[in-house]
Amino acid sequence: QEKIIKLITNSNARKGQSKSLYYQAEQLLLQELGLDEFTPEWVAGYETDHSNVLDVLRMDAEYFQPKYKIIEERVKEYKNGWDYLPKLIKVSKEKIQIDPEKEYQYVELADINASIGIVDSTSKIFGVDLPSRAQMKLQKDDVVVSSVEGSIDKVGLILSNDKNLVGSTGFHIFRSKTFTPEVNLILCKSPVLQYLFIREASGTILTAISSNSLKNIVVPKLDKAVQEKITKLVQESHKCVLESRQLLDRAKLEVEEMIESKAN
């Protein structure tokens, strides 16, 4: 019992350390942009120019909430400059031809652990049984982001080396171009891009962020030293999570072996 308690205690400690490291990485980004103490507020009344409405071809009031403009201006004021998302992060629209007889590793929304930004698991499904939305090609180090406004916080980094990974058409898929996969993850999960994603959402019954609207998202050209620190923190965070699971698996194995020995 003491051995099992120790394993589980260490597992929980690693899990807590993982969350702490992830939080540090996110705070580093916000501090770099001067947004670490920014608290977005919903404003009841505000106005915008007619020219702004024509520029974005939007006339819904929510789009022009002042909080979005404040965040966008902070990004545009960044010392190293900025650019639009597709210029700095590759947006993959690559699809795969499903073979009914082949087994695939299917990633859907429920597989994302939003608290630390990883894809927790996949489902092994033969092509014939895959849902119609399973069309997007995925690979290790991709960052998947839900395109639906209500679940936009579902952002995860693919850690798996498995072949035949396939994702839902409900994801935006981002690949490394200027930044490391870990920096892509922190950017997409941070309040900075989260709010800008939400601003671009459109629709009636189900509001979503279209692929075309990604060209309106501004992204800072982060300092190289900051990128390196963020990358290291996220890698350490994910390492702690894997160690936490290994310790928990060992605890489970101890219990199973004890039960088997008693039964024999």
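The values are calculated or read from the model by the stated rules, or taken from the named source; none is laboratory data. The model shown is predicted, which means the values in this text are computed figures rather than measured ones. A quick note on method: Cβ atoms are made from the backbone with ideal geometry, for glycine too, and the neighbour counts reach across all protein chains shown. Only protein heavy atoms, including side chains, enter the accessible area calculation; ligands, DNA and RNA are left aside. Shrake-Rupley method; radii C 1.70, N 1.55, O 1.52, S 1.80 Å.
Things worth noting here:
- None of GLN227, GLN246 is assigned to a helix (DSSP H, G or I), of a type outside the set (Lys, Arg), open to solvent by 30 Å² or more (accessible area, probe 1.4 Å) and out of contact with any strand residue (DSSP E or B) (no Cβ under 7 Å at 6 or more places or on another chain) except GLN246.
- Selection status of GLU236, at pLDDT 95 or above, within 15 Å of TYR23 (Cβ to Cβ) and open to solvent by 20 Å² or more (accessible area, probe 1.4 Å): yes
- Checklist (1) buried (at least 17 other Cβ atoms within 10 Å of the Cβ); (2) over 14 Å from the mean Cα position of the chain (by Cα); (3) β-branched (Val, Ile, Thr) applied to ILE173, failing item: (2)
- Filter pass, GLU47 being among the charged types (D, E, K, R) and within 27 Å of the chain's Cα centre (by Cα): no
- Residues of segment 9-21 that are free of Cβ contacts under 8 Å to residues at least 60 places away in the same chain and either open to solvent by 60 Å² or more (accessible area, probe 1.4 Å) or under 18 Å from ARG199 (Cβ atoms) (or both): THR9 alone.
- For segment 56-115, the set of residues classified as at pLDDT 95 or above and among the small types (Gly, Ala, Ser) consists of GLY81, SER92, listed by residue number.
- Within segment 122-132, tally of residues that are within 17 Å of GLY156 (Cβ to Cβ) and either of a type in the set (D, E, K, R) or part of a loop (DSSP other than H, G, I, E, B) (or both): 1
- Residue count, segment 204-213 (criterion: in contact (Cβ under 8 Å) with a residue 40 or more places away in the chain and open to solvent by less than 50 Å² (accessible area, probe 1.4 Å)): 3
- Residue within segment 22-34 that is surrounded by 14 or more Cβ atoms within 10 Å (Cβ to Cβ), part of a helix (DSSP H, G or I) and more than 20 Å from the chain's Cα centre (by Cα) present: no
- Scope segment 45-86; condition among the hydrophobic types (A, V, I, L, M, F, W, C) and under 22 Å from GLY203 (Cα atoms); matching residues: VAL53, LEU54, VAL56, LEU57, MET59, ALA61, PHE64, LEU85
- Of the residues contained in segment 42-64, none is found to be buried (at least 17 other Cβ atoms within 10 Å of the Cβ) and in contact with a Leu (Cβ under 6 Å, 6 or more places away or on another chain).
- Restricting attention to segment 66-92, the residues that are open to solvent by 40 Å² or more (accessible area, probe 1.4 Å) and part of a loop (DSSP other than H, G, I, E, B) total 3.
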